1. Considering only DSSP beta bridges whose two residues both sit in the chain, what percent are antiparallel, to the nearest 5?
2. Under a 10 Å cutoff between Cα atoms, tell me which one of S84, S109, S134 has the largest fluctuation in the Gaussian network model of the chain.
3. Which order do the peptides 19-29, 41-51, 121-131 come out in when sorted by mean C-beta neighbours inside 10 angstrom, highest first?
4. Could you state the accessible area per residue of segment 172-264 in Å², with a 1.4 Å probe and every protein chain left in place?
5. What number results when the radius of gyration of segment 5-162, computed over Cα atoms, is divided by 2.2 N^0.38 Å?
6. Counting only protein heavy atoms and using a 1.4 Å probe, what share of the accessible area of the chain belongs to carbon plus sulfur, as a whole percent?
7. Please report the orientation-averaged projected area of the chain, defined via the convex hull of its C-alpha atoms, in nm².
8. Calculate, axis by axis, the spread of Cα positions in segment 139-266 along the three principal axes, and write the results as whole Å, longest axis first.
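The values are calculated or read from the model by the stated rules, or taken from the named source; none is laboratory data. No experiment lies behind these values; they were computed from the predicted model shown. So basically every Cβ, Gly included, is an ideal-geometry build from the backbone, and we count neighbours across all protein chains shown. Only protein heavy atoms, including side chains, enter the accessible area calculation; ligands, DNA and RNA are left aside. Shrake-Rupley method; radii C 1.70, N 1.55, O 1.52, S 1.80 Å.
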Amino acid sequence: MNRNLTFIGGGNIAQAIIGGLLETGFSRDRITVADPSKAQGTIIEQLGVPWTTDNLKAVGPADLIFLCVKPGLAQPVCEALAGSLNQKCLISVAAGVTTLQLKQWSQSSLVIRCMPNTPALVRSGMLGLFADPSVDPSIREAVVECLTSVGITEWFEREADLDAVTAISGSGPAYFFYLMETMITAAEKMGLSHTTATTLVTQTALGAARMAHQNHHSPGILRQQVTSPGGTTQAACEALSQGGFETLVIEACEAAKVRSETLSGT
Ligand SMILES: NC(=O)c1ccc[n+]([C@@H]2O[C@H](COP(=O)([O-])OP(=O)(O)OC[C@H]3O[C@@H](n4cnc5c(N)ncnc54)[C@H](OP(=O)(O)O)[C@@H]3O)[C@@H](O)[C@H]2O)c1
């Protein structure tokens, strides 16, 4: 890809995307990072990527601008860039910040909203995307090419669907961590050491995720295949079901969606 990329904010998510891009052979010369933090700047420079504290200077050569600041800073940062964006596309990863807000603050309609998740840090992210209709397909393709370096991308036709994305894949890693955390506690109650319990649980989670990800069978079928009548897995699944597991998980996802709608004002 022969586009120039600028990252406004050089923290966790920017470093994850930049790391992924460099791994795929993207040229360091085509990346610029703007961040006021000397600590972040040092990390960026160690990656061989130019760093500046000047956002306006950083967007000068850019074709695609990744807005990677905390949501509360999106407005002042965009307003300071207004009038300098011309035909540059602004891609925001700021949770809850809508494309309408991005357009108003930046005075540009070339905006894309992206909802990543933390596994992007280990190149296994799930990234939901919504583009303003004025963004042409070639820009969409370029953005996907960049973000594919940290995970899988999926476009959504309705911006409101990003609230569901937030509830499922955005917040989802924490649900799995919670389950792992609880299984580790159960294993410790059974007398296993914390280290052994952690190994058993994390390896099991990884294996189960890999099997489900291969898509040969749905998670429901995979569960049935390991659940023998009258066996240990059936005893555990019955206990989960009787305790309201399905209802609870659905309610939890709904609660996250409602919170996302409240935060983004949709
Ligand atoms: N991390 C994730 O997995 C994840 C998942 C979903 C969404 N997001 C979204 O991604 C965005 C960034 O998250 P993050 O975890 O990468 O945050 P982060 O590590 O705190 O990075 C944000 C960076 O922006 C810098 N910054 C502050 N003011 C700035 C300004 N005026 N101009 C340019 N840079 C500025 C910060 O510097 P200082 O440290 O000096 O303030 C910091 O280095 C957030 O909006 C979040 O909602 C992240």
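1. 15 percent
2. S134
3. Peptide ranking by packing, descending: 121-131, 41-51, 19-29.
4. I get 76 Å² per residue for this part.
5. Expressed relative to 2.2 N^0.38 Å, the Cα Rg reads 0.94.
6. Roughly 58 percent, rounded to a whole number.
7. Value for the chain: 16.4 nm².
8. Projected onto the principal axes, the Cα atoms of segment 139-266 cover 53, 31, 30 Å.
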